[in-house]
Amino acid sequence: MNTEKITLTRVVLQKDVKCRKCRTCNDTLAHIVGQCVYKTVQRIRRHDEIRDFVFNKLAKMKENVQIIEEALLPTQACNLKSDLVVVSQGSVHVVDITVRHEDIADLERQRSKFDKYTPLLDILVCQINIDRGRVLHIVVGTRGSMPKATFDSLREINF
């Protein structure tokens with residue numbers, strides 16, 4: 001919890017450390033860049049810029065790559081919309097892109113996304129009759145850092 005209001009509390013006692021905009025959570029950097037409803041538009045724009053960058057790079061590749069952007073696919077539990085579905089080298093990959101606050105715990109919190117999108121792989125394998133790939137999670141920090149797992153995911157799709 002290292003933001004202006006929280007940090008100022010250590011120097012000058014503050015009665016209220018809630019977010020100045022939404023007033024629901026403590027005014028931390030992680031809250032402001034990752035959760036505050038007043039920053040939703042900026043968060044979505046950053047996410048979409050990264051998704052579009054990955055899409056355009058993959059589209060320019062020499063080999064035969066098929067990319068489906070924001071495919072809405074029904075599963076038994078619900079409809080899921082992945083950022084990208086990449087069919088390349090005989091396998092299919094579901095790619096999820098996340099922008100997180102640059103905290104090691106936040107950057108490496110991926111398990112829930114793997115669990116969420118894994119059912120899509122089975123559906124896609126049946127629909128397009130191709131080998132099963134993996135759920136690839138691309139995590140980018142708010143200031144541009146990326147964990148090692150992101151580089152591994154990008155390598156998997158020959159990025």
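The values are calculated or read from the model by the stated rules, or taken from the named source; none is laboratory data. Predicted model only: the values in this text are computed from it and were never measured. Quick reminder, even Gly has a Cβ in these numbers, built from the backbone with ideal geometry, and neighbours come from all protein chains shown.
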Among residues belonging to the range 57-72 that are more than 18 Å from the chain's Cα centre (by Cα) and within 18 Å of Gln127 (Cβ to Cβ), point out the one that is surrounded by the fewest Cβ atoms within 10 Å (Cβ to Cβ). Gln66
For Val54, indicate whether it is surrounded by 15 or more Cβ atoms within 10 Å (Cβ to Cβ) and outside any loop (DSSP other than H, G, I, E, B). yes
Could you tell me which of the residues Thr118, Thr75, Thr150 is surrounded by 13 or more Cβ atoms within 10 Å (Cβ to Cβ), farther than 19 Å from Asn56 by Cβ, of a type in the set (Ser, Thr, Tyr) and in contact with a helix residue (DSSP H, G or I) (Cβ under 9 Å, 6 or more places away or on another chain)? Thr75
Of (1) more than 27 Å from Cys36 (Cβ to Cβ); (2) of a type outside the set (Val, Ile, Thr); (3) in contact with a Leu (Cβ under 7 Å, 6 or more places away or on another chain); (4) assigned to a helix (DSSP H, G or I), Gln127 fails just (3)
Which of the numbered conditions does Thr40 fail, given that it passes all the others? Conditions: (1) of a type in the set (S, T, N, Q); (2) surrounded by 11 or more Cβ atoms within 10 Å (Cβ to Cβ); (3) farther than 26 Å from Leu120 by Cα. (2)
The lone condition Leu29 fails out of (1) among the hydrophobic types (A, V, I, L, M, F, W, C); (2) outside the structural domain of Val95 (by TED's automatic domain parsing); (3) free of Cβ contacts under 8 Å to residues at least 40 places away in the same chain is (3)
